[in-house]
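Below you'll find the structure, written out as structure tokens, and then a few comments.
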Amino acid sequence: MVLSKTASQTDVSVHSTFASRYVRDALPRFRMPENSIPKEAAYQIINDELMLDGNPRLNLASFVTTWMEPECDKLMMAAINKNYVDMDEYPVTTELQNRCVNMIAHLFNAPLGESETAVGVGTVGSSEAIMLAGLAFKRKWQNKRKAEGKPYDKPNIVTGANVQVCWEKFARYFEVELKEVKLRDGYYVMDPEKAVELVDENTICVAAILGSTLNGEFEDVKLLDHLLTEKNKKTGWETPIHVDAASGGFIAPFLYPELEWDFRLPLVKSINVSGHKYGLVYAGIGWVIWRNKADLPEELIFHINYLGADQPTFTLNFSKGSSQVIAQYYQLIRLGFEGYKNVMENCQENAMVLKQGLERTGRFNIVSKDDGVPLVAFSLKDRSRHSEFQVSDYLRRFGWIVPAYTMPPDAEHVTVLRVVVREDFSRTLAERLVLDVEKVLHELDALPPKLAPPVAVKATELGGHRDCRNGKKTELETQRSVTHAWKKFVLAKKNTNLVC
């Protein structure tokens, strides 16, 4: 969804140089034109504007796949006109989806019998998958509370402050209180002990992240399972665990097979994973898998027959393209366990090349861990002359999109840059990026010293406190002030459109 303004700083019309061969009149920018235009002109007009988009291969902010094999591209184009929800019309596509669900369930060690089928569904991404998993937890908790004659109007969910925004959306949209475990310096994931302390009788589940968006770190799901099991025994509750494996679900089974984070742990009742991240499929596919049928309340499943036969459906949307499902099946059978393992090992090795190159500059602290999602998160050692936001801004001049951001509460004063290493980010690109980072630092070093942040910030906005002895800011308050100011300064320079 794009929240945009119709006012333009240039013109209310769209002009195209080459399309003028076919059309001399400018097109309205925000209204449908009265007349048709030749197909060649429509193509050229749009193609000209899209040239100004960034290069997806150099978008190091995104976890989403930006390259697939030509053979898979052909399969996707051949299926682009198939509506996935028409299961009776496209039974083979439905069968491929079911195969994917079962393959992923076995990958996550679901306790399935010899002839037992897995319980799961394909979604448009992990956001929808998390909504569905959350609804299942909420309904199970409500049903249990009703049967016990207890109030069921104040459900809550426990997460770390490092969760992706889709968890906040779930809590707000479906009226569930979100209890967040705050972060701290040097520890940027959810602390299992603090998480279990927040659990009460109204907690529908604890959400653990396998691959934090902030620094790629895996949370300790095994420890969480142990601590929560002990609390459940003492209280008589049955608080379960959901694992948000959007980024790490297609990494851990291949790089860390001995790591226990999945259905091998008894309290893990559902797992989501993004097929369009390290599942190696273009944007638009996610998966949610339940431990068994009992963990998905039957009343949440709808049955329809107006498309030709009785069809069960449990999704937030209805119509959806089939291409991504087919592409996921292609990757699973094309690569197999061996192929995925090779891809993930290569990503991890390239991440280490980038990390070592940044360390050699002597200018950065590495915030990410070696184990986890293949990415490198790093921050400046000396922020007195320039900030991470400036480094990010200057790297765009070389075509690189490297995000800079502040950590969530209570580590807002920490700012990091992050590079996600995908399959199409080669060792050569990693080495090139390090060279460009060094060029950027050289340019920034030549600028006058940063005497004050470019935007005035009140101490009350920062949650800091003045040093009452001499009326000056404390060192921590100064650091937060500079971070906050540069963040506002950089955001102000960007496009006014908001993209959700």
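Things to note:
- With protein chains left intact and a 1.4 Å probe, residues in the chain average 51 Å² of accessible area per residue.
- Selection of trypsin sites (Lys or Arg not before Pro), the stretch 329-386, meeting DSSP coil and at most 13 other Cβ within 10 Å: Lys381
- Taking GluC sites (Glu not before Pro) across the stretch 196-257, the ones in a DSSP loop with at most 16 further Cβ atoms lying within 10 angstrom of their Cβ are Glu201, Glu238.
- Gyration tensor verdict on the stretch 163-305 (Cα atoms; rounded if a/c is under 1.5, prolate if a/b is larger than b/c, oblate otherwise): rounded
- Furthest towards positive pole of dipole, Gly122, Ala61, Asn350, structure part the chain, Cβ charges: Ala61
- Cleavage-rule hits, chymotrypsin sites (Phe, Trp or Tyr not before Pro), the stretch 308-391, DSSP coil, Cβ neighbours within 10 Å at most 16: Phe318
- When each full DSSP H helix of the chain is screened for a Cα extent of at least 20 Å along its own axis and an average Kyte-Doolittle hydropathy of at least -0.5, the helices passing are 91-107, 323-361, 427-445.
- Candidate values (1) 49; (2) 39; (3) 42, label of the one derived for percent of Cα pairs over 35 Å apart: (3)
- Rel. contact order, % - alpha carbon contacts under 8 angstrom, at least six apart, the chain: 18 percent
- Cα shape, the stretch 80-129, gyration tensor, a/c 1.5 rule: oblate
- Percent carbon-and-sulfur accessible area, the chain, ignoring ligands, DNA and RNA, probe 1.4 Å: 53 percent
- When both bridge partners sit in the chain, DSSP labels roughly 65% of those beta bridges antiparallel.
- Whichever aspartates and glutamates have a C-alpha closer than 19 Å to that of Lys234, once near sequence neighbours (fewer than 8 apart) are set aside: Glu148, Glu193, Glu197, Asp200, Glu201, Asp225
- Protection proxy ranking of 90-96, 348-354, by the mean of other Cβ atoms within 10 Å over each peptide's residues and highest first, is 348-354, 90-96.
- Top positive-direction residue, dipole computed over the chain with Cβ charges, set Ala171, Ala246, Asn143: Ala171
The values are calculated or read from the model by the stated rules, or taken from the named source; none is laboratory data. Keep in mind that this is a model prediction, so the values were computed, not measured. We place every Cβ from the backbone using ideal geometry, glycine too, and count neighbours over all the protein chains shown. Remember, those area values only see protein heavy atoms, side chains included, never the ligands or the DNA or RNA. Shrake-Rupley method; radii C 1.70, N 1.55, O 1.52, S 1.80 Å.
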